[in-house]
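Visitor: This is the structure, below, for whatever I ask next.
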Amino acid sequence: MLLNTSYNDKKTAKLIDEAVGKPFTFIENLKLKGIGSPRMIITKSSEQITQLLSLDHNLNWCNIELRPKGIIIGFRSLLESYSLIIPFYKLVIYKPGNSYTFHIDHLFISIDNSVPNKKFSAFMEKLNQLKSENSPTYIDEL
């Protein structure tokens, strides 16, 4: 789900917390050695996000925040902040060439990864680990 998170709205905060969980505590953040990604360049996105990003002529940056049950991809357009909220069970990640693409339903954001970055690689390992731990598993009964 794509939300405008520019303003401190209790309804929006509740929606986000229900979808991806409350933010990690300070201690959990230390144990995970950080929950945020470095800043990344957006190279491609779904039409709805592209329309928002095309409102200004700046370079389009985003970052990813880990939550217990999902991720939040944050970006800015003009003076507004937007967040793409993705629960782990709906998160699909593709790695075509030198980029990563994060999908939820009909929305997606592709980011550039052409320059190898150790911090981003470590972040993606953490994300994949949390996704595998928190994704539902189905075992057929024999």
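The values are calculated or read from the model by the stated rules, or taken from the named source; none is laboratory data. Remember, predicted model here, so these are calculated numbers, not experimental data. Don't worry about glycine lacking a Cβ; one is built from the backbone with ideal geometry, like all the others, and counts go over all protein chains shown. Accessible surface areas use protein heavy atoms only, side chains included; no ligands, DNA or RNA. Shrake-Rupley method; radii C 1.70, N 1.55, O 1.52, S 1.80 Å.
Visitor: Considering only the stretch 21-78, state which residues are hydroxyl-bearing (Ser, Thr, Tyr), over 11 Å from ILE109 (Cβ atoms) and more than 12 Å from the chain's Cα centre (by Cα).
Guide: Once the filter is applied, which keeps residues that are hydroxyl-bearing (Ser, Thr, Tyr), over 11 Å from ILE109 (Cβ atoms) and more than 12 Å from the chain's Cα centre (by Cα), the stretch 21-78 yields THR25, SER54, SER77.
Visitor: Filter the stretch 107-124 for residues that are modelled with pLDDT of 90 or more and not hydroxyl-bearing (Ser, Thr, Tyr); which is surrounded by the most Cβ atoms within 10 Å (Cβ to Cβ)?
Guide: Result: ILE109.
Visitor: Ok, one more. If you scan the stretch 52-69, which residues turn out to be open to solvent by less than 70 Å² (accessible area, probe 1.4 Å) and without any contact (Cβ under 8 Å) to a residue 60 or more places away in the chain?
Guide: Residues satisfying the conditions are LEU52, LEU53, ASP56, ASN60, CYS62, GLU65, ARG67.
Visitor: Looking at the stretch 16-51, which of its residues are touching a residue at least 24 places away in the same chain (Cβ under 8 Å), open to solvent by 40 Å² or more (accessible area, probe 1.4 Å) and not basic (Lys, Arg)?
Guide: Result: PRO23, LEU32, GLY36, ILE41, THR43, GLN48.
Visitor: Which one of VAL92, VAL115 is under 22 Å from SER132 (Cβ atoms) and among the hydrophobic types (A, V, I, L, M, F, W, C)?
Guide: Selected residue: VAL92, the only one of VAL92, VAL115 that is under 22 Å from SER132 (Cβ atoms) and among the hydrophobic types (A, V, I, L, M, F, W, C).
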